[in-house]
Amino acid sequence: MSNIPRLPPEIWLDIIDWATEDETPNVDYVHFERIPRDARSSELVGTRKALSQVSRGLRNLIMPQLYKEVWVNHGADELRTVLQKPRDPTSERPQCYGDTVRRLVLPYSSTAGKSPLPYLDILRTCLRLEVLVRPQLSLPEIYRLSFDFETNIVQLPSLRRLEWCHHSEADRAGGINSLSAVLRNSPSLRYLFIDRVVELSPTGMDPTPLELKRLKTLRLGVVNGLLLHQITQRWSLPSLTRLVLDRPMPEPQFVLLCQSLGTQLELLEFGGHLRFYTVDYISLALMSCPTLKELNFHIFFTIPPSQEDPNINTPSRPHTSLKTIGMHSAVNGMLSNGQELWDRLREHFTFLAGERLESLERVVLYGEWKFILDHPMFQPIKQKLQDRGLELELYEGR
């Protein structure tokens, strides 16, 4: 056995990464990514912990992996102590375990006293943090927490992705609980998800202009008119090219949001929400986004577009810049009638093969399409696309 060559540490790290690979969100945009949640990968954490107990050498290799994704919950004081602990005390410049944290889930907690909160020290320790999640509170937590004192803010220079479920009471405490304060202290932010903005809060009424120089993707869940007014009137988003809407907003607000982004918006994605089936948002998007290059939607949750302009009831003008259409096949339980399902499919694909999308080059299919593509009823639909010179592409990613 002694003649068997030992694997170098770099190979072991690759093996460990593969064995404990998770589905934590990418820093940047992913097509049809699930709505961000705060669920922890308990099985993966257990796997990493088990590997760390095999031997001292493997423990030294796996320890940094244990803290790549951290959930701040009970025992925040102990977690702070661990993250501040040097990984190699003998090194001339010892790094602490906080340096290995890449994703941090930070639930809201009460600010019922003036003493410094441990999670602020935790954030200061995570010098290379890339993803910060403020998860949604449960109803018992909402009524149990209180925010009587202001909190401080922490500089987040390496943060690239922020997932923010809003809490209006916490927002009033400022600091790390304030969306606007966190945005102002995250100069490298590229991806922003905002959800649950339904009440009055300081962020929705902040009169100070805000510039997010590097933000490329804005994803919105439930947001109110005040926040939309901030985004369209007071936020400067010079690098933004992608907009994802998990839920539809009132038509005038949607048009205003698209128009406020001007000619910079290149990609628009609609989530799998039933209200997209009640209003022709595709036509509104094509009318409001003249330079759009890619449009993605859930085919069974989105009403087929009209052939007329939705505002003036005249034939719609061709869109000259749209190159790619992406469609997801997620099932809509409201479409239980087979004939209705095929009618919707036919209407969508007839639109794709029509003259309104004169610059269309690609149709990319996401999700499960085998049953539809192999069905005899789909063959005439497919032929229309081929006559137009379009071929269907099946997305092979996750």
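The values are calculated or read from the model by the stated rules, or taken from the named source; none is laboratory data. Note that the coordinates shown come from a computational prediction; the quantities given were computed from them, not determined experimentally. Note: ideal-geometry Cβ built from the backbone for every residue, glycine included; neighbour counts use all protein chains shown.
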All conditions in (1) of a type outside the set (Ser, Thr, Tyr); (2) farther than 20 Å from PRO36 by Cα; (3) in contact with a helix residue (DSSP H, G or I) (Cβ under 8 Å, 6 or more places away or on another chain) are true of LEU261 except (3)
Counting only residues that are of a type in the set (Lys, Arg) and crowded, with 20+ Cβ neighbours inside 10 Å, how many does region 226-241 have? 0
Kindly check whether there is at least one residue in region 228-238 that is closer than 21 Å to ILE35 by Cβ and of a type outside the set (Lys, Arg). yes
Pick out the one residue from GLU294, GLU251, GLU199 that is within 20 Å of the chain's Cα centre (by Cα) and among the acidic types (Asp, Glu). GLU294
Conditions: (1) surrounded by fewer than 12 Cβ atoms within 10 Å (Cβ to Cβ); (2) at pLDDT below 95. GLN379 meets all but one. Number of the miss? (2)
Among the residues of region 320-340 satisfying the criterion of being out of contact with any helix residue (DSSP H, G or I) (no Cβ under 9 Å at 6 or more places or on another chain) and of a type outside the set (S, T, N, Q), which is modelled with the lowest pLDDT? GLY338
